[in-house]
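Inspection log for the structure reproduced underneath, given as structure tokens.
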Amino acid sequence: MNRIDKERARLQRGADNATKWIGSTSSLITHTILFAGCFALIVFGVNFERVMLVLTTIVSLEAIYLAIFIQMTVNKNTADIEDIAEDVEDIQEDVDEIQEDVDEIQEDIDEIQEDVEEIQEDVVAEDLQPVIAADTTKAHLEHDLEILSKIENALSELKKDIELLKKK
């Protein structure tokens, strides 16, 4: 960070601090005491016109600096809001990409589910019975059907989980 950037950062911190203080109760009390003190000078014999000239000059300069500090704070906050808006857009793009991925996974699961159902139908279909090897027993077929049933249940659970993700 070069010297100019450091000065800008220091000035920005000063503007932020001044803006915070001006909006505080302690600022209200301090200004009230100062204004009352200025008017008290008249009671102690200081010329009224002189007090009013000094007071209006000070108040005018303070108003100018306050306006500058407030505008600096508004500019900083506007830049911060723009950065946040860009971050929100990036997050939305990421969410859209994830949604597309979830949709693709859902399609893949649907295809696998269909394949499992077709395989299950083929295994139990009567026209495949002659093709089944002679050493394949009823126990093997029941075992295979049980495995296919577990796969089908697992796919159904995945499908439910994906539906929940889509809703979120």
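What's the tally of Lys pairs in the chain whose alpha-carbon atoms lie under 15 angstrom apart, where the two lysines are 8 or more places apart or on different chains?
On the way: Lys20/Lys76; Lys150/Lys159; Lys159/Lys167; Lys159/Lys168; Lys160/Lys168.
Pairs that pass both the separation and distance tests number 5.
Give the residues of the stretch 3-41 whose amide nitrogen is closer than 18 Å to a point set 7 Å from the Cα of Ile84 in the direction of its Cβ.
Those under the cut-off are 16, 20.
Below 12 angstrom from the Cβ of Asp80, what's the summed charge of the other residues (Lys, Arg +1; Asp, Glu -1)? Working shown, then result.
Numbers: positive: Lys76; negative: Asp16, Glu82, Asp83, Glu86, Asp87.
Taking every Cβ under 12 Å from that of Asp80, the sum is -4.
Which log10 I(q)/I(0) values, to two decimals, does the stretch 3-167 give at q = 0.09, 0.18, 0.19 Å⁻¹ under the Debye formula with one point per Cα?
-0.64, -1.13, -1.19
Relative to the longest principal axis of the C-alpha atoms of the chain, give the angle of the C-alpha long axis of helix 48-124, reported between 0 and 90° and rounded to the nearest 10°.
That helix lies at roughly 0 degrees to the long axis.
Any idea what angle helix 138-167 forms with the longest principal axis of the chain, computed on alpha-carbon atoms, 0 to 90 degrees, nearest 10?
The angle comes out near 20 degrees.
Under a 10 Å cutoff between Cα atoms, tell me which one of Asp90, Asp16, Asp115 has the largest fluctuation in the Gaussian network model of the chain.
Among Asp90, Asp16, Asp115, the largest GNM mean-square fluctuation belongs to Asp115.
Counting Lys and Arg as +1 and Asp and Glu as -1, each charge on the Cβ, what is the dipole of the stretch 3-167 about the Cα centre in debye, to the nearest 20? Write out the running numbers ahead of the final one.
On the way: 14 positive and 40 negative charges, 796 e Å.
For the stretch 3-167, the charge dipole is close to 3820 debye.
Each reported figure results from applying straightforward, stated rules to the coordinates on display, with no laboratory input. It should be emphasised that the depicted structure is a prediction, and the values quoted were computed from it without experimental measurement. As a convention, Cβ positions derive from the backbone with ideal geometry for all residues, glycine included, and neighbour counts pool all protein chains shown.
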